[in-house]
Protein chains: 2
Amino acid sequence: MSLFRLDASIRVDGSTSRALADLVEDNWSKAAPGSSVTRRDLGLDPIPGDAWPTAVTAWPAPEAGRTAPQRSAVDLASSLVDELAGADAYLFAVPLYNFGVSQHFKTYVDLVMTDPRMAPDTASATSGKPGVLVTVQGGNYSPGTPKEGWDHATAWMRRILEDVWHVELDVVTCEFTLVGVNPALDAFTDLADRIRTDAEHQARERGRALGSHRVAA
Amino acid sequence: MSLFRLDASIRVDGSTSRALADLVEDNWSKAAPGSSVTRRDLGLDPIPGDAWPTAVTAWPAPEAGRTAPQRSAVDLASSLVDELAGADAYLFAVPLYNFGVSQHFKTYVDLVMTDPRMAPDTASATSGKPGVLVTVQGGNYSPGTPKEGWDHATAWMRRILEDVWHVELDVVTCEFTLVGVNPALDAFTDLADRIRTDAEHQARERGRALGSHRVAA
């Protein structure tokens, strides 16, 4: 039984997505004792920006005719998909940045999708497995807020993980993580506290469910 | 009078976004003769994935206390914003990839937004200037199609360029660029031809308008 955990926060100290993912992981471990965790830290160790275009150009070429950079890009894609294929469950901790998706997560997804095991309509490495997506936002883009609709990340992440990779996904969201950091948001301190407490509760619940799901399977 | 042109296609031969941007540029040049073009090719020369997190950590530090990688990341951000600040008009040619934004364009935007001249609410380097966004999609995610809503890129690009950078933006879109490449889409050959012809017409019009706008200004 194994969990694949991916982090995309560019911070370690003070990272809310990492803290919430720790809660998911801890509760997953308690529900599935003796299990192993494979980690991929995109925030601290980003995938190079030329890997995906190089892998794309590599595929039409016969294996023996590939250049060294092409072989290297294809091997990296393959090792990323090995991590996904070898896991029973997933934990993705990916913050929103600049109202959109983490550049490091998009770079990762693009490269992963060059591997034949993640071909459209099959995604055999990930299909049908359970996962939790933890995502956090510095502001608050919920319905009724002044910036409603400015979260352009979550819908794409769900699209890829649920509709393309066919992961059975639960999502834990925590808004207003910049409250306490940006003084302009001080009026929202109580609300931010409640949101954080609720997200922590959900993270524990989802972690337990993820562990139980695999125990039951 | 100068145009800043950015390309994010990972291909050169057969790139529809580059071909449409060429039409915009050609017609801009005719409307604004003697003008110069500054180019940034993210598809062929991606921004490194560690530049943005390094620049983020650099800003709180006093300039004299920055590490060499921090100085390098801040200098790169500054040179990108110099290109934006020095232009009178913009042309962004950015395809959709994997139902989302180009990883290379997101990486670029994140780094640009670390520079004080692109601070939220001001974006003094770009505010009020005219621009054209050319975007292309291999499939078709328009209303009424089976994958309606799968374009998760255009809304975010408009958000950044219009609402955050305050560019006066026109958008030229071309769907179904994989028709003729992917045999499963052969039934849409006539429709794809009409879409392409219409996009080319729009690209010429927008190029002329962009050039005239600056002549008139």
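The values are calculated or read from the model by the stated rules, or taken from the named source; none is laboratory data. As the structure is a computational prediction, the values presented were derived from the model and not from experiment. Positions of Cβ are backbone-derived with ideal geometry, glycine not excepted, and every protein chain shown enters the neighbour counts. Heads up: the accessible areas ignore ligands, DNA and RNA and are worked out on the full protein's heavy atoms, side chains in. Shrake-Rupley method; radii C 1.70, N 1.55, O 1.52, S 1.80 Å.
For the range A:45-68, taking the residues that are facing chain B (nearest Cβ under 8 Å) and part of a helix (DSSP H, G or I), the one that is nearest to B:Leu44 (Cα to Cα) is identified as A:Pro53. Of all residues in the range A:82-116, those being away from chain B (no Cβ under 14 Å), crowded, with 22+ Cβ neighbours inside 10 Å and either assigned to a helix (DSSP H, G or I) or among the β-branched types (Val, Ile, Thr) (or both) number 1. Here B:Ala187 passes the criteria (1) away from chain A (no Cβ under 12 Å); (2) of a type in the set (Gly, Ala, Ser); (3) open to solvent by less than 40 Å² (accessible area, probe 1.4 Å) except the one numbered (3). Summed over the range A:38-63, residues that are loosely packed, with under 14 Cβ neighbours inside 10 Å and under 20 Å from the mean Cα position of the chain (by Cα) total 2. Residues in the range B:164-179 that are within 15 Å of the chain's Cα centre (by Cα) and open to solvent by 50 Å² or more (accessible area, probe 1.4 Å) were compared, and the one that is nearest to the other protein chains (Cβ to nearest Cβ) is B:His166.
For residues that are part of a helix (DSSP H, G or I) and among the aliphatic types (A, V, I, L, M), tally how many sit in the range A:159-187.
Keep residues of the range A:159-187 that are part of a helix (DSSP H, G or I), which gives A:159-164, A:183-187.
Within this subset, residues satisfying the condition of being among the aliphatic types (A, V, I, L, M) are A:160-161, A:164, A:184-185, A:187.
Of the residues in that region, 6 qualify.
A:Trp156: part of a loop (DSSP other than H, G, I, E, B) and at the interface with chain B (Cβ under 9 Å from one of its Cβ atoms), yes or no? Taking the combined requirement at face value, the residue does not satisfy it. For the range B:122-155, which residues satisfy the criterion of being within 29 Å of B:Leu185 (Cα to Cα), surrounded by fewer than 18 Cβ atoms within 10 Å (Cβ to Cβ) and out of contact with any Ser or Thr (no Cβ under 7 Å at 6 or more places or on another chain)? B:Ser142, B:Pro143, B:Gly144, B:Thr145, B:Pro146, B:Lys147, B:Gly149, B:Ala155 - these are the residues of the range B:122-155 that are within 29 Å of B:Leu185 (Cα to Cα), surrounded by fewer than 18 Cβ atoms within 10 Å (Cβ to Cβ) and out of contact with any Ser or Thr (no Cβ under 7 Å at 6 or more places or on another chain).
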